[in-house]
Amino acid sequence: MQFNSVLDSIKTYEAGKPIELVVREYGIKPDEIVKLASNENPYGCSLHVKDSVSSIVSKMSLYPDDSMYILKESLADSFGVNSSNIVIGAGSDQIIEFAIHAKADKNRPVLMNSVTFAMYEIYAHHVGAPIVRTSSREHDLEQFYTLYTEHNPSIIFICTPNNPTGDALDIDKIVEFLHKIDSDTLVVIDGAYMEYAAKKDSKKAINVKEVIENFENVLYLGTFSKAYGLGGMRVGYGIGSENIINALYKLRPPFNITTLSLQAATVALEDRAFVDESVAKNFEQMSRYEEFANKNSIEFIESYTNFVTLCFKAPQNSSNISQELLKQGMIVRDLHGYGLNAIRVTVGKEQENSRFFELCEKLL
Ligand SMILES: *Cc1c(COP(=O)(O)O)cnc(C)c1O
């Protein structure tokens with residue numbers, strides 16, 4: 001059977017290997033497997049979320065509130081914007097999809113960093129949009145600007161902090177950049193790890209209200225999958241001018257998140273203490289990775305997230321290292337497919353990290 005030819009250019013997204021697969025392939029017991037591959041919160045989620053979701057399980061047979069009134073009000077409150085500035089998605093992934101389908105087409109390229117979140121490219125292929133990338137590993141807004149003037153992109157993706165490298169831009173620099181971009185170019189700022197970056201360094205913290213008030217062409221993305229620990233519930237959001245949000249709404253399928261997900265996200269948002277504590281523990285553990293890397297002369301990229309990218313020098317090879325780790329039940333992300341001789345390791349709990357150091361040291 002022939003399929004839509006845009007599919008020819010799409011490589012299926014490879015998610016972090018699930019624990020079940022390692023159990024089957026390597027015969028390792030589930031409780032001996034450590035998964036540091038998908039940037040999930042190792043401390044789980046707020047206990048209030050568990051209680052609250054359990055208490056509404058019987059509502060499963062009813063469709064969710066499609067207006068998502070309570071969650072949107074809570075997000076609006078927390079960001080100081082209006083509900084009409086918000087759209088909710090099944091993960092912020094789905095908002096990326098809406099944004100690309102709403103704005104991109106084959107006539108203008110989509111501009112992104114050389115190494116960045118894979119879904120931007122995949123969704124751009126859906127609509128046949130060409131891709132233009134910068135050449136530097138970390139975001140360099142001067143390069144972005146040069147490519148913008150040369151290629152007139154429909155969308156510019158700024159991922160800060162960036163996945164899979166962990167670097168983050170200063171907000172001043174972003175604002176300066178936004179001033180130079182015309183109003184018919186959509187700038188998507190993906191803040192999937194912003195809760196981490198904002199805590200580590202206030203210069204990296206985006207004031208979403210100010211940005212979307214000053215720039216009608218900016219869409220900010222956030223998610224409950226990372227710091228809030230709700231990856232399995234699939235809730236993300238986009239915040240932007242009503243003009244943008246109304247366009248995205250035309251593409252949103254009805255009931256795109258579940259009754260339980262809505263409840264989980266709403267309650268999670270109230271438990272700031274859980275997020276703060278997770279972020280604090282994350283950076284405590286992150287410093288152990290930095291020590292480990294320094295001790296073993298491994299280059300690492302300073303991270304503003306809950307993962308760290310370790311860069312190897314030949315003959316050390318990231319694919320071999322991640323494969324050897326996998327055989328011992330340690331799942332990390334090889335970045336070979338991104339053109340880097342590097343692995344991305346999610347910062348786990350103390351003992352998980354110790355296990356990583358022990359196994360990795362043996363391989364070096
Ligand atoms: C994890 C992630 C997302 C989206 O995750 P969802 O689970 O779909 O909300 C978006 N952008 C980046 C950079 C991410 O790392």
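Restricting attention to region 106-151, which residues are in a strand (DSSP E or B) and out of contact with any strand residue (DSSP E or B) (no Cβ under 8 Å at 6 or more places or on another chain)? Once the filter is applied, which keeps residues that are in a strand (DSSP E or B) and out of contact with any strand residue (DSSP E or B) (no Cβ under 8 Å at 6 or more places or on another chain), region 106-151 yields only R108. Among the numbered criteria (1) in contact with a strand residue (DSSP E or B) (Cβ under 9 Å, 6 or more places away or on another chain); (2) under 23 Å from S303 (Cα atoms), which single criterion is violated by N207? That leaves (1) as the condition not met.
Checked against the criterion of being more than 14 Å from the ligand (Cβ to nearest atom) and assigned to a strand (DSSP E or B), the candidates I70, I88, I174, I156 yield just one match: I156. Looking only at residues of region 216-231 that are within 14 Å of the ligand (Cβ to nearest atom) and over 11 Å from the mean Cα position of the chain (by Cα), we find that the one that is farthest from E270 (Cα to Cα) is L219.
Applying the selection to region 38-55, what residues are assigned to a helix (DSSP H, G or I) and more than 16 Å from the ligand (Cβ to nearest atom)? If the condition is that a residue be assigned to a helix (DSSP H, G or I) and more than 16 Å from the ligand (Cβ to nearest atom), then L47, H48, K50, D51, S52, V53, S54, S55 are the ones that fit.
Within region 108-127, the set of residues being more than 16 Å from the ligand (Cβ to nearest atom) and either free of Cβ contacts under 8 Å to residues at least 12 places away in the same chain or among the charged types (D, E, K, R) (or both) comprises just one member, R108. D77 passes every criterion in (1) part of a loop (DSSP other than H, G, I, E, B); (2) farther than 28 Å from S303 by Cα apart from (1).
Residues checked against (1) buried (at least 22 other Cβ atoms within 10 Å of the Cβ); (2) hydroxyl-bearing (S, T, Y); (3) over 30 Å from L310 (Cα atoms):
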residue: T149; (1), (2), (3): no, yes, yes
residue: D172; (1), (2), (3): no, no, no
residue: L186; (1), (2), (3): yes, no, yes
residue: Y196; (1), (2), (3): yes, yes, no
residue: K203; (1), (2), (3): no, no, no
residue: E213; (1), (2), (3): no, no, yes
residue: E216; (1), (2), (3): no, no, yes
residue: F224; (1), (2), (3): yes, no, no
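Residue by residue, here is whether (1) touching a Cys at 6+ places or on another chain (Cβ under 6 Å); (2) modelled with pLDDT under 95; (3) of a type in the set (D, E); (4) surrounded by 21 or more Cβ atoms within 10 Å (Cβ to Cβ) holds:
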{"position": "I96", "(1), (2), (3), (4)": "no, no, no, yes"}
{"position": "H101", "(1), (2), (3), (4)": "no, no, no, no"}
{"position": "D105", "(1), (2), (3), (4)": "no, no, yes, no"}
{"position": "H126", "(1), (2), (3), (4)": "no, yes, no, no"}
{"position": "F144", "(1), (2), (3), (4)": "no, no, no, yes"}
{"position": "P161", "(1), (2), (3), (4)": "no, no, no, yes"}
{"position": "D182", "(1), (2), (3), (4)": "no, no, yes, no"}
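Within region 70-105, being out of contact with any strand residue (DSSP E or B) (no Cβ under 7 Å at 6 or more places or on another chain), more than 12 Å from G236 (Cβ to Cβ) and hydrophobic (A, V, I, L, M, F, W, C) holds for I70, A102. Answer yes if at least one residue in region 85-101 is of a type in the set (F, W, Y) and over 25 Å from the mean Cα position of the chain (by Cα), and no otherwise. No: zero hits.
So that you can scan it fast, the table gives a plain yes or no per residue for (1) in contact with a Leu (Cβ under 6 Å, 6 or more places away or on another chain); (2) assigned to a loop (DSSP other than H, G, I, E, B); (3) not assigned by TED's automatic domain parsing to the domain that holds V22:
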| residue | (1), (2), (3) |
| --- | --- |
| S303 | no, yes, no |
| T309 | no, no, no |
| P315 | no, yes, no |
| N320 | no, no, no |
| E324 | yes, no, no |
| V345 | yes, no, no |
| E352 | no, no, no |
| R355 | no, no, no |
| E358 | no, no, no |
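In region 192-207, the residues that are in contact (Cβ under 8 Å) with a residue 12 or more places away in the chain and in a loop (DSSP other than H, G, I, E, B) form Cβ pairs under 6 Å with partners that are away from the ligand (no atom under 16 Å from the Cβ) and β-branched (V, I, T), at six or more places apart or across chains, as follows: I206/I171.
Inspection of region 232-252 identifies at least one residue that is within 15 Å of the ligand (Cβ to nearest atom), assigned by TED's automatic domain parsing to the domain that holds P109, closer than 21 Å to L71 by Cα and free of Cβ contacts under 8 Å to residues at least 24 places away in the same chain.
The values are calculated or read from the model by the stated rules, or taken from the named source; none is laboratory data. Please read these numbers as outputs of a predicted model, since none were measured by experiment. Cβ atoms come from the backbone with ideal geometry, glycine included; neighbour counts cover every protein chain shown.
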